[in-house]
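Take a look at the structure below.
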Amino acid sequence: MQPTHVAKFDASLRGHSLPPEWRGANSDEDAVYARQLVEHTMTPYWARRQMRFSGAMFASYWRDYEALILEHAGRRSGIIAWQTDEVYANLRELHLDEQVRGQGRGAAILNAWLSFSRSVGARRARLRVFAENPARHLYQRAGFDVTGSDARVQGLLTMERRL
């Protein structure tokens, strides 16, 4: 899997600060880690809806994302991935390993990402989250509001906020 998104992100990051434990997702090993983390985190939500993880689909999307890896105590412990256009910063993935949840890391990277997205010209941030996912509360505390739902996937909400 080619991490083609890294050069784009690294170039756009100049002059911006993110938490020091975050770095570009710049290796095949990072892509494998991201795939495994997303599969592990999301499988319970998909299983409730008779959906299954597709590694091939994830790989095709991952190539188009800008992404960062969180490291803690010298090992990978989370990811954030997004796409930005002239209006929207679209958060595609934000996942933390279970051992680093509940320490404010999710809020810190989300807030840094929102600030970064604003600084590169996005006017709104958007994401999709399952209604029962506890991360929904993180997004609400960060100012996201539910703006719609997916008619094809029960409980999949779209949330947005102004930057």
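Brief remarks follow.
- The mean sequence distance of close C-alpha pairs (under 8 Å, at least 6 residues apart), as a share of the length of region 43-91, puts its relative contact order at 21 percent.
- At R0 = 22 Å, FRET efficiency that the Cβ-Cβ distance of Arg75 and Trp46 yields, to 0.05: 0.25
- Each of Asp64 and Asp28 was given a label point 7 Å from its Cα along the Cα-to-Cβ line. The distance between the two points is 2.4 nm.
- Carbon + sulfur, % of accessible area of region 55-158 - ligands and nucleic acids excluded, 1.4 Å: 46 percent
- Legend: residues Ser27, Ser77, Ser115, sorted from most to least accessible area (1.4 Å probe; ligands, DNA and RNA excluded), read Ser115, Ser27, Ser77.
- Span-rule helices in the chain, defined as complete DSSP H runs reaching 20 Å or more along the axis (Cα) with Kyte mean at least -0.5: 105-119
- Here's how it looks for Ser77: its modeled amide H is under 5 Å from those of Leu70, Glu71, His72, which are all 5 or more places away or on a different chain.
- Remark: spin-label model distance Gln140-Gln36 equals 3.4 nm, labels positioned 7 Å along the Cα→Cβ axis.
- Against the criterion of solvent-accessible heavy-atom surface with a 1.4 angstrom probe, Trp22, Trp62 sort, most first, into Trp22, Trp62.
- Accessible area per residue (1.4 Å probe, heavy atoms of protein chains only) ranks Asp97, Asp145, Asp85 as Asp145, Asp85, Asp97, with the largest value leading.
- Average accessible surface for the chain: 53 Å² per residue, computed with a 1.4 Å probe over protein heavy atoms with every protein chain in place.
- Across region 130-142, rounded Karplus estimates of 3J(HN,Hα) from the backbone phi angles (6.51 cos²θ - 1.76 cosθ + 1.60, θ = phi - 60°) give 6, 4, 8, 6, x, 4, 4, 5, 4, 5, 5, 5, 8 Hz, Gly and Pro being marked x.
- Relative contact order of the chain, defined on C-alpha pairs under 8 angstrom at six or more residues apart (%): 19 percent
- Relative contact order (percent, whole number), region 69-110, Cα cutoff 8 Å, 6+ residue spacing: 27 percent
- In the distance distribution for region 27-134, Cα-Cα pairs more than 18 Å apart total 52 percent.
- Rounded to the nearest 5, the antiparallel percentage of DSSP beta bridges internal to region 24-163 is 85%.
The values are calculated or read from the model by the stated rules, or taken from the named source; none is laboratory data. Being a predicted model, the structure only gives us computed values, none of them experimental. Positions of Cβ are backbone-derived with ideal geometry, glycine not excepted, and every protein chain shown enters the neighbour counts. Surface areas here come from the heavy atoms of the whole protein model, side chains and all, with no ligands, DNA or RNA. Shrake-Rupley method; radii C 1.70, N 1.55, O 1.52, S 1.80 Å.
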